[in-house]
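Below: the structure, in C-alpha cells.
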Amino acid sequence: MDDEFDKLIRRVNQPRVVIDNDACEDATVIQVDSVNKHGILLEVVQVLTDMNLAITKAYISSDGGWFMDVFNVVDNDGNKIRDKEAIDYIQSRIEIGAGFVSSRRGTVGVMPSEEHTSIELAGTDRPGLLSEVCAVLADLRCNVVNAEIWTHNTRAAAVVHVTDDSTNCAINDPKRLSTIKELLCNVLKGSDDLKTAKTMLSAPGVMHRERRLHQIMFADRDYERGGVREVGEGSSRPQVTLLNIEKDYTVITMRSKDRPKLLFDIVCTLTDMQYVVFHGMVNTGRIEAYQEFYIRHLDGLPISSEAERVRVIQCLEAAIERRGSEGIELELCTEDRFGLLSDITRIFRENSLCIKRALISTKGGKANDTFYVTDMTGNPVDAKIIDSIRAQIGHTALQVKHKSSLAPKQPHEETTVGHFFGSIFKARTFQNFKLIRSYS
C-alpha cells in the first residue's frame, strides 16, 4: 500500500523543469522541482550526461519530501544550449524520468535480446587482454557492435554488445552462449586469476551501461587494490574527506581534476552504496572541480565507523579514477566490417600498446572507436610507434586526439569560495578552497 501511495503522489506531483538561458551569463540554468525519492538525483544527472552536457555548477537540496536542484550546464564547446529541440528533449526526459532501475547486486545469467547479446567481463588487467577477447569473439563469429572497457588498479571490466555474424541479431542458441561464456572466462583467467575472473551474459536495457561498469568494478573490489600512494598538493589523485557534523549528516568534500561525467560517476557510486545526498554543491574551475555533499545512509544514519569511512573514501576515489583519461587518445573512424576490432587491437598488441580504456561504437555501417593507450609500463607511447600504427591502419582512419599523459601542468588561479551550506549547519571545521577549471 505504501508503494502504491508513493506512486500516486509522484503521478499527481510531476517533476517541474525550468530551463533558462538568461539567468546566467555563461551557462544554461536547469531547475528541477519534484517529489523526492531515492535515486532521483542520479536520474537527472544521468539525463544531462547522456546528452554530453558538462555540469559546471550545481546546487542540490532534497531534505524532506521535495527535491529542488539547480544545474548550470554547457555543451561540448562550452556554449549554452540554444537549440529548441534539445531543450524540449531535456525537459521531457527529466519530467518523465530517466528510466531509473534499482541496482542489481547478484550474478546474472544468460539473457539475450532481439537486437544483441550483452556480455559483462571482469578480471585482472594485463597487456593484450582486449586483443585476446576480441580474437575469441571473432573466432566464434560474434560481431562487436558496441562496447565500453575500463581498467583500474590492475582490474579490467567491460560491457560488450555482440550479434551473430550471419544474422546480425542476438545469439539465442544456449549451447553457443555457453561456449562463448566458457572461452571468454578462460581468456580472463589467464594463469593467475582463477578465482576472480567473471563472464556474464545479461539482458541489455535493464541497466545504464556506465553505471553497470561501476557496479562490476565495485563488486570486484577494485577500490582496495594497488599500493599506497601519496596525496598532497602536487598530487593528481582525487582528495576526498569525510566529517560528521551537526544534524547527523556526514559531509563529503572532494577535489579532483575536472572532466566530463565526473558528477555522474560520484552520484552513481553513492546511490549504489545506498547513500542519500540531502544537500550539495558542485563548482568547477579551469582545472579542478570541487564538490561537497551532505549525506546519510538510506537508513537515515550518518557514517558511524572508521571502517565505513575508509571504505567510502576508497570507493569515491575509485569512481573518480576509473574514467580518468590515462594515456594518448586515439580515435578510429572507418567503414565497419566483421573482425575489424580484432584486427585493430591485435595491431596495438603487436606494437606493445596497453589499452587503458576504450569506447566502441558502430552506426550506419561506420565504426567510431576511441582508445586510451600507454606503453607496456604505463608510460607515454613513443611518437614513432604511433606513426607506425597509423601507417598500418591508415592515417585518415586513425587520429591522435589528445595526449593527456603528456599535457603540461597549468598554472593555478585562485578563487576563494566559502562552504555553500556552512551557515545553515554552522560547520566551522572546513577551510575555504581553491577553484581551478579545465575542460581538457
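Numbers below:
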quantity: Identity of the residue in the stretch 294-329, of a type outside the set (A, V, I, L, M) and assigned to a strand (DSSP E or B), that ends up surrounded by the fewest Cβ atoms within 10 Å (Cβ to Cβ); calculated: 297
quantity: Some residue of the stretch 112-121 being modelled with pLDDT under 95, among the small types (Gly, Ala, Ser), outside the structural domain of residue 209 (by the TED database) and open to solvent by 30 Å² or more (accessible area, probe 1.4 Å); calculated: no
quantity: Number of positions in the stretch 49-88 that are more than 22 Å from the chain's Cα centre (by Cα), open to solvent by 40 Å² or more (accessible area, probe 1.4 Å) and of a type outside the set (Lys, Arg); calculated: 9
quantity: Members of the stretch 28-42 found to be surrounded by 22 or more Cβ atoms within 10 Å (Cβ to Cβ) and without any contact (Cβ under 8 Å) to a residue 60 or more places away in the chain, listed by number; calculated: 28, 34
quantity: Residues of the stretch 33-76 satisfying the condition of being among the hydroxyl-bearing types (Ser, Thr, Tyr) and farther than 20 Å from residue 22 by Cα; calculated: 34, 49, 61, 62
quantity: Failed item in (1) within 17 Å of residue 218 (Cβ to Cβ); (2) in contact (Cβ under 8 Å) with a residue 60 or more places away in the chain; (3) of a type outside the set (Gly, Ala, Ser); (4) crowded, with 20+ Cβ neighbours inside 10 Å, with residue 261 passing the rest; calculated: (4)
quantity: Counted residues, the stretch 372-399 - those being open to solvent by 50 Å² or more (accessible area, probe 1.4 Å), touching a Leu at 6+ places or on another chain (Cβ under 6 Å) and without any contact (Cβ under 8 Å) to a residue 12 or more places away in the chain; calculated: 0
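The values are calculated or read from the model by the stated rules, or taken from the named source; none is laboratory data. Since this is a predicted model, take the numbers as computed values, not measurements. Note that we place each Cβ from the backbone using ideal geometry, even for glycine, and neighbour counts take in every protein chain shown. All accessible areas refer to the heavy atoms of the entire protein, side chains included, with ligands and DNA or RNA removed. Shrake-Rupley method; radii C 1.70, N 1.55, O 1.52, S 1.80 Å.
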